[in-house]
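This report refers to the structure that appears directly beneath it.
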Amino acid sequence: MSPALTRPRRFGSAWLKWYRPVLAPRLRLICLPYAGGTAGAFHSWADRLPANVELVAVQYPGRQDRFQEPCVEEMAPLADHIAQELAPYCDRPFALFGHSMGAAVGYEVALRLEARYGARPQHLFVSGHASPLLPRGHRDVHLRDEESMLEWFGELGAMDPAVLADKELRPLVVPSLRADLRLIETYRPAPHRPVSAPLTSYVGDADPGVDPDDAAAWSELTSGEFSFRVFPGGHFYLSDQETELLADITERLEGAPA
């Protein structure tokens, strides 16, 4: 095992947040937010997981307590940093969950953890994102003016109308939104790089940005078992379907080795 995996630095990283630390977890579920999102998006999950499953949420730079740090605008350095920060916490079985942009980030992090640190996830969960091998439906939103960009987020259901209307609040959220959009719109994965972990893809049946068939195409990106589930709802179906989604995740993780 890599030396990096034998010395976990408990709760010592600006990149990672714990909302319910577990002394000796059977498994860690590592969650990666969507574009413009924060670790706090997964706060409510911590107490709804089994008592022996520890939730670790990733905090990207440029938001909340990391607001003074520059946002990361390219996939490779972001995935590199996250994998490096996570490596010490892969001393126990772990799984990755990413929603929207976080799904693509989770895929890249999984590749790096296995290739560089010998740490294979027990499961990779991707949500609200088409297979990154498919052409993107949009590539220029990050180049639009502020009004047009926020309008696009609003149509996706990814923006609180209060934020759109609050001129003072916008400077706090627009930089991370634009940076994350640039990251995901310019992201081009290398071909023929499947993860070896089992992979499950989730999507909402009324997602305006992700067709279910495109979400099912993640099957090409794992050499392990693939599963697919459609939930009622739009791009942020996971808010209304949180109980059902966490039940499904928990059931799939129950078979992970201790």
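Here, each number is a calculation from the coordinates, and none is a lab measurement. Here the structure is a predicted model, which is why all the values come from computation and not from measurement. Ideal geometry is used to build each Cβ from the backbone, glycine not excepted, and the neighbour counts take in all protein chains shown.
The fewest-to-most ranking of LEU221, LEU96 by surrounding Cβ atoms within 10 Å reads LEU221, LEU96. Extending 7 Å from the Cα toward the beta-carbon at both GLU244 and ALA14 defines two label points whose distance is 4.0 nm.
Residue separation of SER219 and LEU172 scaled by 0.36 nm, minus their Cα-Cα distance, works out to 13.2 nm of gained length. For ARG116, the shell of other residues with beta-carbons less than 15 Å away shows a net charge of -1, using +1 for Lys and Arg and -1 for Asp and Glu.
Placing R0 at 22 angstrom, the Cβ-Cβ distance between LEU134 and SER196 gives a FRET efficiency of 0.55 after rounding to 0.05. Just need log10 I(q)/I(0) for the chain at q = 0.11, 0.12, 0.14 Å⁻¹, Debye formula, equal scatterers on the alpha-carbon atoms, no solvent, rounded to two decimals. One equal scatterer on each Cα of the chain leads to -0.55, -0.67, -0.93.
Net charge in the neighbourhood of PRO175 (other residues with Cβ under 14 Å of its Cβ; Lys, Arg +1, Asp, Glu -1) is +1. Residue order for CYS71, CYS31, fewest other beta carbons within 10 angstrom first, comes to CYS71, CYS31. The loop-placed GluC sites (Glu not before Pro) in region 145-225, going by DSSP, that have at most 14 neighbouring Cβ atoms within 10 Å of their Cβ come out as GLU168, GLU225.
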